[in-house]
Each structure stands twice: as structure tokens, then as C-alpha cells.
Amino acid sequence: MTSASSALDSRPILAPDQLEHAAAIEQLVEGETAWDRRLISLSNWINPILVKETRQALKSKQFSMTLLLLTIVVLAWSMMAIIGMIPSIYYASNGTGLLIGYSIILIFPSLIIIPQAAFRSMASELDDGTFETLSLSTLTPRHILIGKLSVAALQLLIYFSVLAPCIALTYLLRGLTLDVIAMTLILLASCSLAVSAIAISVAAFARNRVQQVFFSIVLLGGQVFAAFAVGSTLLGIVSYGSIPSESWIVLGVFLLVVILYSWLLLRSAGCAIGVASENRSTPIRVPLLLIGLLMAMLTGFFSICYGDRTAMQDLLAVSVNFLFAHWAIAGCIMMGEQGVIPVRARRSLPSSLWGRLFLTWLNPGAGPGYLFVLLSFMGSAFTLVLAAWFLLPATKSNITIQLVLYVAVLSAYLALYMGTVRLICMVFLRRVMAGRLVASFTITCVLLILSVVATLSLSLASNRYQRLAFDWYCFPNLFWTLGELYPSNQNRWVLPECFFAVVCLAISSAVIGLINVALTAKDVVVLRIETPERVVRERSKIRSKKEEEDELEGLAAE
Amino acid sequence: MVDRFVHESNSPMIEMLRVHRFFGKTRAVNDISFEVYRGQVFGFIGPNGAGKTTSMRILSTLELPSYGDAVVDGFSVINDPDLVRRRLGFMPDGFSMYPNMNCVEYLDFFARAYGLIGKDRIAALRRTLSFTGLDKIASKPITGLSKGMRQRLCLGRAMIHSPAVLILDEPANGLDPRARIELRQMIQQLAVDGTTILVSSHILTELAEMCDQVGIVERGRLLATGSVADIQRTMQGALRVQLTAMDRGEQLQEWLSQRQGVSHIQRSGNTMSFELQGGNLEQADLLKGIVNADFSIMEFAAHRETLEDVFMKITTGAVQ
């Protein structure tokens, strides 16, 4: 007997089911063919969540059923439409109607099914406790969220690929240009991904079953609204038949806004599910600042490029209002942050003179946050307005001092409301650890509602319940005052009630602002702590090991 | 083999430093401190709601302590949770699973999640499947697994990246005797390989067999800590002796009552039990005395209290 045959004889004899399991291991870890092995090697660079969820989706009934239903509906619509088009199909332009049908069919999986699946996927991770075991691995919250979003993108790609031949058919049936088809698909895909990003983030914010159910219902409502909005937009685009060049710019800006806010939302969600001792504030403030600056530049650019002389002031006022909304929402949430900076976060505080001078406002805490929001809004809005006022020629611009004053009024409101919310949080939420951000947002909403109700009641009472008239004491009512002082109402500024309202607003915001600045001093003097040497060594060891592994894996793949 | 990222020193692998955790007015963990050294198995014993799971979750960086700190291999769970997690494998008491996956896919996913790529991942998968015995059911869907197999899979997931520290929360809960013995053997093997293990369980006899040290907790407080023998010695001052004489039971009782160190004598016919102060030497001395006094002894057995007895003695059964 040869040594080879004796070796064969000494191998354990496996039962058929054991052979099956052994084969499953071989197939998964090694791959059967060279092509498998290449794919497995390639998958080392792919997000593990994407790999896992793709495997799950391929076995899930939800995905198979959706794909099957989509195929059936698309085939049915294609056949019905083509039969209806005969005999004009040979000479008339019939592509438009067919594409409208396909767009409507695609809206359902893109804007309803995929985002809901993303929501459920994230929510069930948190609900079933699998997120905890996942968070103990080397995957960061960013990896997890991006992985979930990539799964949504992959599903979208598969659904789109089902319709690819049908969409090619619409082009062959005449009546449509390639840019119409491209814009339809880009808009649909970007909206689907944006809604999925919102769904994943919302699921990450939900801390218990009640919140999950609540968010799920709100999300579904939002999805239905988005489906109608996107559907009507697509209907308009496809029916119009051609795309003006400006539309691409609008689409570009829309995509930019969608991408930036999705990024911000995912970052916030990542911080919400991340380690509690981590600096969770600065990673959100950086994109907030970038988005604010970019929005100021974009809105300014479009106002100046596309606005005529008479509309310039109104366009810039809208831009400034948009910036105000951006910073006000961020600010009122930020006011709930705790003043204590964890040791881990203190290790990454700026230590150089320039760093402390310019980056301290990015430090966690409501105090630095107050100054960060106020300075960011004032910096971007005043720069936008003053640049347009001084740099644009009189033939191009109708900007008046009222617009500059309007920005000052907005800044005063920001200082007043954020400052008040911060003081309330400092007094009443001192011992509260969880849910502070939601609480501060709620306090702001309550303050706004109270100010509106109180001023309206006061105005009615002082006019013997006959009419509503603006007076100086109505200044806490942000909406009413801003409406009265809107730059286009130039003559209102000189009225005594408006003048005194502005004076009262200035005084109250200055008082609240000064108190808050004084209270911020203790947050600003917090110094950086040196990272222990062993921790630094350990991190560099991990980094070098990872680089080495990447290099080896790259060589192996080649 | 995956780098265990462990520093070479004699400092403890796990340190709980005055850890407190409050949930509202409830003190789930109330000033717990202990140390576990490399390769040791530390058993965490306590009634339901004693604070075992919360302590383990703090060590696993899933909860932050309200006060105090926990250190794993020199890294704080508060300040460096990412470095702690690299050294740690955690098996929670509840099994969280993904639908539409089989065993090997599940482990493969966690191997990827721990950053294992290429040959390292393949090696880790093979090692884990073979160690846990899951290689025989690798392609079976997770949803169809028995409780014992799920526990094995859970253990496999916790050890896929060869962690230096394993935290196992009630790993034997709900397992049949065979699965329990197999799990105990796996834990002992891991400890022999140098893994530091913190394990909680209600089955005290099992913990007594496999743990180098135990800690008894109740209402968030650590009531006793040390090796099982140490705790028994500390908690029990005397040996319990059972003695059966051939005859003259009454005289023997009288003789015993005059001996120093003997107390609490209870007699039933010629059989009696009593407490004896001291250790083996005193025991031998007493036996020699009885024989020299011409008593015929049929049975002489001395025993210390079991871990179960000690546990019942220390804890009051109170819950928060």
C-alpha cells in the first residue's frame, strides 16, 4: 500500500450532512473557484455590514417578494402600455407615457420599501441587542451607519437594474431625450438615498420601543409626502420633455444640500450611538459650520448671479432667513449639552495658542456652543449682506441699510432665545443626564409658543379685543416682529412701535448675551490633558498593524 | 494567530476600582472593587438583581460607571473603551441573533467586524468552529439551533478575535447537564491557554469547580472575594464533624463535651455531630484522643461548608 493511500484511509469518514457542513465552511472561507477566491479577497475591503446584509437579503422573503412583484408590475405595465400604443407605436412619440409609468412604479420601492427596510434594519439592531455585540467589535458607529446606507444603495441599484431594459425601451419609443431620463433617475436615486439616510438616523435616535413606533409612523408619513412630492416633480420633468440648462444647476444644488444634510444627520446619529465618554459635539459642529458657510456662499452666489436689481434684497433676505433657521435649530439643540467635558474628550482639545484662539468654540458644552452658533451666524450672514451691499454696483443691487439691520435683529433673537434656553437648562436640568438635547429643543418650542400666545393676547387685550396691532411689547414674538421688520417693509422701521421693539430686543438680548458670555468663561479655560504614553503607543501599534495588513492583502489580491 | 494586544507585565488583567452605578435611586453596583490576574477564572455569584450583569456590562464598556473606574489590561473603560474592546470578548446572558444566516456566516461576519482579513480570518474561523464543535453544524441556520448550540455560537462569537479577556454572563443558563459540562471544559481550556475569564452563574457547584477566585455580590455590594477555599475558611470558623460510635454513645458525648474546641454537640443514639475549632491537626488529635479513650469508632467524617452553604450564609436574599 502506498503512503498516499494509507493517508486517505486514515482520514475520518464523514457522514453526508457533515460533508455538507464541511463544504459550507470551505465555500465561505476559501471559495470554490478562482473567481470565488478573488471575490472573497475583494470583500476584505467591503464594509462587513454590507457583506452581512447582502447575504441576509439574498435569503430574505421581503427582498425576493419585492423584486418579484416589481418585475411582474413592470412587465404588466410594459405590455399594457405597448398594446395600448399599437399601431401608433411605429411612428408616434410614445416614450413619455411609458417613462411616467415606470417612474411611478419605481417610486414605491425607492421611497417606501427601501427606507422602511433601512429603518427596520437599524431599529432591530438596537431593539434585539445585536447592536451591543456589534459595538464591541472594531466597527465604529460610522461604519455601521454607512454599511446600512450602502445596503439601501445596493438594493436601489438592483431595483433600477430590473427596470434598465424598460427605460432603454422608453428612449427607443421617441419623445424623450437622454438628459430627461438621466435627471429622472438621478433625482429618484438621490431622494431614495436621502430618505434612507433619514430613516437610518431616526432609527438610531430611537432609544426604546415607544420611540421606535412613533418615529416609524412619522417616517412613514414623511415617506408618503416625499413620494408625492418626488412623483409630481418627475411627472413635470418627464411631461416637459426637455431639460433647460438651469435645471441641472438646480439639481446640482439640490443634490449638494441633500448630501450635506444627510452627512450631518448620519454624523449626529453616529454620535448618538457612539461611546458616551467620546467627544460627540465637535464632530457635529464641523459639518454644521461647513454647511452654514457653503449655504451662505451658494445662496449669495445664486442671488447675485440670477437675481435682478429689484429682487436682490428679497433674495438675500431669504438666504439670511435660511441661514437663521439652520443655526437656530442647531443652536437650540446644542444648548442642552452638558458643561462637563469628559477626560477622553479633553485629550483632543486644542493646545496651541492659535488652536485655542480659533478652535475653542468647537469644544463640547453649551457655553462654547452658544458663542459658536452666534458667531457663525453673524459671521456668515453679515459677510453675505455687507459684501453684496458694498461690492455690487447700484445698477445691480437695491440693498438698503434695512437688510443689514434685519440681520442684526436675527442675531439678537438668536442671542436672546438660545441664551434663555441655556439658562433654563442650567437651572432645571442640572442633574438630568439623558435626553437633554430633546429637552432643550422642547424648551425652545415652548418658549416660542408662549411668546406668540402672550403677545397676541396682550395685543388683543390692549385693543379691547377688537383688533391685533403690533406694539413695542410684542418684541418677544419672533415671527410677528420679523414680519414687521422685513427689509421690504422699509417704512415700518421708522414707526415708533417698531423702533421701541428693536430697542427692547437689543437691550434684552445684550443682557442675556452678556450673562451667557460670562458663564462661558469656565468652559473656555478647560485645558487639554496629555494622552497617556501607553495609549499613544497602542494606537500607533494598531495603525501600523492595519497598514501592514492592508499592504499584504493588496499584494495577495494582485 | 491574531495579536492579543496584551502587555507583558504582572499587573492585573481586570481591575474594578470602587465602581458604582446608579439607576435613579437604585444602586445597581455599589462600591465594587476586585482584581483578576492573567489566566484566572473569576466567578461572579449573586442572586438575581445583585448587580452582576451591570458590573459585567461596565467592564465590557457597554455602561459607564456613575463613579469609579474599571480597567482592562491597564486601559480604562471610560477613557479608552476602544482599546478595551480589542482585548475583550463578551457573551451576554441573552442571545441576540440575525435572521437568515447560518453559523459560519454569523462567525464570518463577526470576524470581519473585528477587522480580521484574509488568512487571519480563515484561521480564526477554522479555530473557532473546531473549538466550539460548531464545524459539524456550520451550514445550519441559526434560527434552528438548540439552546446549547446557540450558547456555543455565542461563545464562538465572543472568542473569534482571540481576546485576552472573556466576560461570560450566565453562560450555562438553561443548558442540559451534558452541554453544561462541555461548556465548562471549554472555559477551562481557554483559561489554560491564558485567557482571563470573568464568569457569572447561578450554579454554584459548577463555579466552585472551575473558578480560581469568586466574588459574592448582593444588592450591588461585594460581600466576599477570594478563592473558594479562602472564603470557606473565612466564613466558617469550625469544621463540622460527623461521628458514629459502636456503643457507649452517651459516654462519648460527655467525653467530647469536656474537650477543648468542641461545641454544638448533637446526639442521636450512637451517632453525633459537633463543631470542631481548628484544622487538620486538631481533627487528627481529636481522633487519636477518642481511640486512646477506648471508644470504638465506626465512622468519622469532617467537612467544611460548600460554596452553596457559604453563599446562603453570606447573602440574605434581599433584592433592591
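With loop membership from DSSP and a limit of 10 other Cβ atoms within 10 Å, the longest segment of chain A without trypsin sites (Lys or Arg not before Pro) is A:1-429.
As a proxy for reagent exposure, A:Cys305, B:Cys103, A:Cys425 were ordered by neighbouring Cβ count within 10 angstrom, fewest first; the result is A:Cys305, A:Cys425, B:Cys103. If only the Cβ of Lys and Arg carry +1 and only the Cβ of Asp and Glu carry -1, the dipole of the stretch A:116-218 around its Cα centre is close to 120 debye.
Each of B:Leu223, B:Val192, B:Ile181 was placed along the dipole of the stretch B:132-247 (beta-carbon charges, centred on the mean Cα), and the one lying farthest toward the positive end is B:Ile181. Ordering B:His264, B:His161, B:His202 by the number of other Cβ atoms within 10 Å of each residue's own Cβ, fewest first, gives B:His264, B:His202, B:His161. Distances between placed amide hydrogens fall under 5 Å for B:Leu116 paired with no residue 5 or more residues away or on another chain.
Per residue, the convex hull spanned by the Cα atoms of the protein assembly as shown measures out at 284 cubic angstrom. Take every Cα pair under 8 Å whose residues are at least 6 apart in sequence, average their separation, divide by the length of the stretch B:141-245, and the relative contact order is 20 percent. Taking the fewest neighbouring Cβ atoms within 10 Å as the starting point, the ordered list for A:Thr442, B:Thr61, A:Thr133 is A:Thr442, A:Thr133, B:Thr61.
Its DSSP H runs of at least 4 residues, each contributing -39,500 (n - 2.57), put the calculated 222 nm mean residue ellipticity of chain A at -26000 deg cm²/dmol, to the nearest 500. By the compact-protein rule of thumb, 2.2 N^0.38 Å, the alpha-carbon radius of gyration of the stretch B:119-258 corresponds to a ratio of 1.53. Entry note, the stretch A:92-226: relative contact order of 48 percent, from Cα contacts under 8 Å with a spacing of 6+ residues. Between the C-alpha center of the stretch A:227-292 and that of the stretch A:312-390 there is a gap of 20 Å. Note on the protein assembly as shown: antiparallel DSSP beta bridges, both residues inside, total approximately 70 percent of the bridges counted. Between A:Ala330, A:Val218, A:Pro48, the Cα set farthest toward the positive side of the dipole of chain A (charges on each charged residue's Cβ, about the Cα centre) is that of A:Ala330. The share of Cα pairs per 5 Å bin across the stretch B:183-251, counted from zero up to the longest distance, runs 3, 12, 19, 17, 14, 10, 7, 6, 6, 4, 2, 1 percent.
Have a look at the DSSP beta bridges in chain B and tell me what percent are antiparallel, nearest 5. Of those bridges, close to 70 percent are antiparallel.
Summary value for chain B: 20 percent relative contact order, contacts being C-alpha pairs under 8 angstrom separated by 6+ residues.
Placing +1 on the Cβ of every Lys and Arg and -1 on the Cβ of every Asp and Glu, with nothing else charged, gives chain A a dipole about its Cα centre of roughly 1540 debye.
Of the residues B:Thr244, B:Met298, B:Gly261, the one whose Cα sits farthest toward the positive end of the charge dipole of the stretch B:230-304, with +1 on the Cβ of Lys and Arg and -1 on the Cβ of Asp and Glu, is B:Gly261.
None of the figures in this text is laboratory data; all of them are computed from the coordinates on show. All values derive from a computational prediction rather than experimental measurement. Backbone-built Cβ (ideal geometry, glycine too); neighbour counts: all protein chains shown.
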